[in-house]
1. Mind checking which residues of the range 303-327 are more than 22 Å from R88 (Cα to Cα) and either surrounded by 13 or more Cβ atoms within 10 Å (Cβ to Cβ) or small (G, A, S) (or both)?
2. Determine whether A3 is touching a Phe, Trp or Tyr at 6+ places or on another chain (Cβ under 7 Å) and more than 30 Å from R282 (Cβ to Cβ).
3. Is it true that some residue in the range 271-291 is in a strand (DSSP E or B) and either surrounded by 15 or more Cβ atoms within 10 Å (Cβ to Cβ) or under 33 Å from the mean Cα position of the chain (by Cα) (or both)?
4. Every residue in the range 195-237 that is in a helix (DSSP H, G or I), under 22 Å from the mean Cα position of the chain (by Cα) and either exposed (fewer than 14 other Cβ atoms within 10 Å of the Cβ) or of a type in the set (K, R) (or both), please.
5. With E178, E184, E189 as the choices, which residue is out of contact with any strand residue (DSSP E or B) (no Cβ under 7 Å at 6 or more places or on another chain) and at pLDDT below 95?
6. Tally the residues that are assigned to a loop (DSSP other than H, G, I, E, B) and either in contact with a Phe, Trp or Tyr (Cβ under 9 Å, 6 or more places away or on another chain) or of a type outside the set (D, E) (or both), restricting the search to the range 170-194.
7. Restricting to the range 142-158, count the residues that are surrounded by fewer than 19 Cβ atoms within 10 Å (Cβ to Cβ) and not in a helix (DSSP H, G or I).
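The values are calculated or read from the model by the stated rules, or taken from the named source; none is laboratory data. Worth saying up front: this structure is predicted, and the values here are computed from it rather than measured. Neighbour counts are summed over all protein chains in view; Cβ atoms, including those assigned to glycine, are modelled from backbone coordinates with ideal geometry.
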Amino acid sequence: MSAHSFDPLGDWSQVIRIADPHHWTDLRYDALIAHDYRIAAEIILRHVEDQAQQGKADPLDEPPAWLFHPRQERLRTTDRERAETVMRFGISDRPALVLAVEGHAEYEIAPRVLDMLGNDPLASRIVIVNMEGIQADVKLLARAVAVPRLDSDGDSYSRLLSPLTHLMVVVDPETPYESPDSVEAKRNEVIESVLNSLAPTHRIDAMRNDLAQILHIRRWPAEFEFAHWTDSELADALRNISPVADNLPRGELENRISQHRAGGHTFKSVWANWRSQPSKTRLARELWPSLERRIREPSASDQIPIVKVIQEAISIVHRTKRVTGMAPRGTPPR
């Protein structure tokens with residue numbers, strides 16, 4: 001009680017409780033003295049508990065949970081108390097959103113766009129990962145990053161024991177994401193996969209609806225390169241990084257790109273028969289300056305697909321930054 005009365009850290013002393021004890025000596029002045037009081041009190045209390053276990057003293061009564069009691073500030077915490085402290089003070093480094101892009105070009109460009117648009121502090125909690133192909137196991141990725149940690153003892157709702165992490169997958173419009181219906185079917189598979197990763201009491205329709213708010217799949221309007229650059233820009237970039245492309249007449253190369261775009265072929269099919277294959281990472285770096293110029297034009301930037309995706313990701317982080325609970329428990333399925 002004495003420590004509580006003069007500790008300048010106030011409620012922040014709860015963060016000290018869950019910190020590594022080796023760093024407690026880093027405290028200074030009254031904060032250090034208050035914490036020394038707590039250490040002394042803890043030693044005495046543990047002695048009394050040991051005596052009670054041996055039948056040499058009466059056991060301590062549990063402090064009331066509904067009002068302040070000094071023994072609520074004991075220097076031993078459960079996993080739940082630790083999680084609640086992290087949630088209350090917002091000190092988790094867990095990503096708020098994982099943005100999963102399909103390949104190397106997107107992985108090269110997306111962080112640059114996020115950096116341009118990410119003057120919002122919450123944007124730093126967006127992590128970009130490379131799925132390295134459209135056939136990547138999105139359900140496995142969702143189970144790895146987006147399964148919420150829930151307190152199973154909640155009644156009106158299930159308290160979160162760590163901040164939510166959204167998953168946004170962005171892919172080209174090809175199999176298995178060739179149509180809006182196929183995208184929705186894949187998203188439902190992902191939702192069910194995450195739902196089945198929860199305790200049985202959480203596998204209810206209300207929780208499925210909540211999970212639908214944190215699991216997202218988006219498609220580019222065309223293959224990533226075709227959706228963001230003109231045939232002329234793609235031709236110039238290819239000529240700058242590929243000796244084979246540089247040896248082709250520029251008009252012929254641009255026409256070839258145009259034909260593959262119109263025919264619904266992949267961009268890589270442009271160089272399918274070349275003896276050396278261009279690097280899509282190098283190509284993305286070569287293409288970046290032209291995209292950057294367009295992003296800096298306020299009148300046009302909102303229409304650029306990757307800008308819209310990054311803006312939506314930041315908006316999602318804002319909408320859910322204060323969420324502390326999800327659907328209530330239900331009856332375990334038979």
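1. Taking the range 303-327 and keeping what is more than 22 Å from R88 (Cα to Cα), we get 303-313.
Selection gives I304, P305, I306, V307, K308, V309, I310, Q311, E312, A313.
2. Working: touching a Phe, Trp or Tyr at 6+ places or on another chain (Cβ under 7 Å): yes; more than 30 Å from R282 (Cβ to Cβ): yes.
Here the answer is yes, as A3 does meet what is asked.
3. No, that holds for no residue.
4. Result: R208, N209.
5. Values: E184 fails: at pLDDT below 95; E189 fails: at pLDDT below 95.
Only one candidate qualifies: E178.
6. To start, the set of residues in the range 170-194 that are assigned to a loop (DSSP other than H, G, I, E, B) comprises 172-179.
Within this subset, residues satisfying the condition of being either in contact with a Phe, Trp or Tyr (Cβ under 9 Å, 6 or more places away or on another chain) or of a type outside the set (D, E) (or both) are 172-173, 175-177, 179.
Number of matching residues: 6.
7. To start, the set of residues in the range 142-158 that are surrounded by fewer than 19 Cβ atoms within 10 Å (Cβ to Cβ) comprises 143-145, 147, 149, 151-157.
Next, only the ones that are not in a helix (DSSP H, G or I) stay: 147, 149, 151-157.
Going through the range 142-158 one residue at a time, the tally reaches 9.
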